[in-house]
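The values are calculated or read from the model by the stated rules, or taken from the named source; none is laboratory data. Bear in mind that the values here come from a model prediction, so they are computed numbers and not experimental data. All Cβ positions, even for glycine, are placed from backbone atoms using ideal geometry, and neighbour counts span all protein chains on display. Note: accessible area is taken over every heavy atom of the protein model, side chains too, but ligands, DNA and RNA are not part of it. Shrake-Rupley method; radii C 1.70, N 1.55, O 1.52, S 1.80 Å.
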Amino acid sequence: MNWFASVYRSAVGKKAAMAISGIVLFGFVFTHMTGNLKVFQGAEKFNAYAEWLREIGAPLLPHSGMLWILRIGLLAAVVIHIASAIALVRLARKARPEGYRRRDAVQMDYAVRTMRWGGVLIALYVVYHLMHLTFGNVHGDFIPGDVYHNVVTAFQNPLVAGVYAIANLALGFHLYHGLWSLFQSLGWNHPRFNPWRRAFATAFAVIVTVGFISVPLAVLTGLVS
């Protein structure tokens with residue numbers, strides 16, 4: 001434990017922690033997106049998928065037992081990711097306390113410039129998403145266990161669908177920059193395959209963003225009802 005703490009105190013250790021926790025989050029986001037696409041198969045299959053998630057590990061684990069284990073692990077990854085990001089920002093400010101007098105916005109990538117505020121927006125979106133479609137606190141027509149109904153009735157409201165679309169666009173930029181930075185943080189940085197890094201980061205971000213946004217758009221257009 002002392003060895004881990006000493007490594008984490010360094011900037012390299014914080015970057016590694018942020019990268020590894022990022023891998024966990026990337027995996028969750030992609031899995032969650034592919035699961036959401038089952039809504040196009042209809043209510044029966046989508047609700048069956050949601051129920052299957054609660055039954056993972058049965059009968060060894062109680063109902064929703066594995067799901068809660070995964071949620072706790074995901075929460076730990078989020079905490080590590082955010083804590084590492086904040087710590088790195090503080091280290092950067094200490095290294096250059098006066099800050100930059102001028103920032104060249106033309107040369108600075110848009111995803112980099114919006115990374116911090118994008119992260120805040122995503123965090124707020126996740127809280128709303130959980131209250132909206134997991135716990136139903138802010139869903140006016142929430143029916144426990146009927147995930148298909150909850151999703152469809154939620155996205156029939158153009159304002160709600162718009163909020164989800166904007167949040168997922170922010171997520172896309174965050175994923176792109178996060179994947180690009182992840183390879184560099186882990187030392188996988190070389191001019192020979194940097195174009196592949198960019199292509200992979202771009203493709204991953206676009207696929208996830210389009211996948212998530214396709215659901216509210218399908219509901220609004222009546223493709224899913």
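Tally up the carbon and sulfur contribution to the accessible surface of the stretch 179-218 as a whole percent, 1.4 Å probe, everything protein left in place. On the stretch 179-218, the fraction of accessible area on carbon and sulfur atoms equals 72 percent. A compact globular protein would have a Cα radius of gyration near 2.2 N^0.38 Å; the ratio found for the chain is 1.14.
In square angstrom, what is the accessible area per residue of the chain with a 1.4 angstrom probe?
64
So, in nm, how far is label K38 from label I166 when the simple model puts each one 7 Å beyond its Cα toward the Cβ? The two pseudo-label positions are separated by 3.1 nm. Across the options T134, F46, P59, the greatest Cα extent toward the positive end of the charge dipole of the chain (unit charges at beta carbon of Lys, Arg, Asp, Glu) belongs to T134. Annotation: amide H of V138 within the under-5 Å range of H132, sequence separation 5 or more or interchain, hydrogens built in the peptide plane.
The angle separating the long axis of helix 158-185 from the principal Cα axis of greatest extent in the chain is about 40 degrees. Note on W188 and R71: the model spin-label points, each 7 Å out from Cα along the C-beta direction, lie 3.1 nm apart.
What order do L182, L25, L217, L37 take when sorted by accessible area (1.4 Å probe), most exposed first?
Details: L182 10, L25 35, L217 95, L37 65 Å².
From most accessible down to least: L217, L37, L25, L182.
How large is the charge dipole for the stretch 35-98, taken about the Cα centre, if only the Cβ atoms of Lys, Arg (+1) and Asp, Glu (-1) carry charge, to the nearest 20 debye? Intermediate results must be reported in sequence, preceding the final value.
Numbers: 8 positive and 4 negative charges, 92 e Å.
For this selection, approximately 440 debye.
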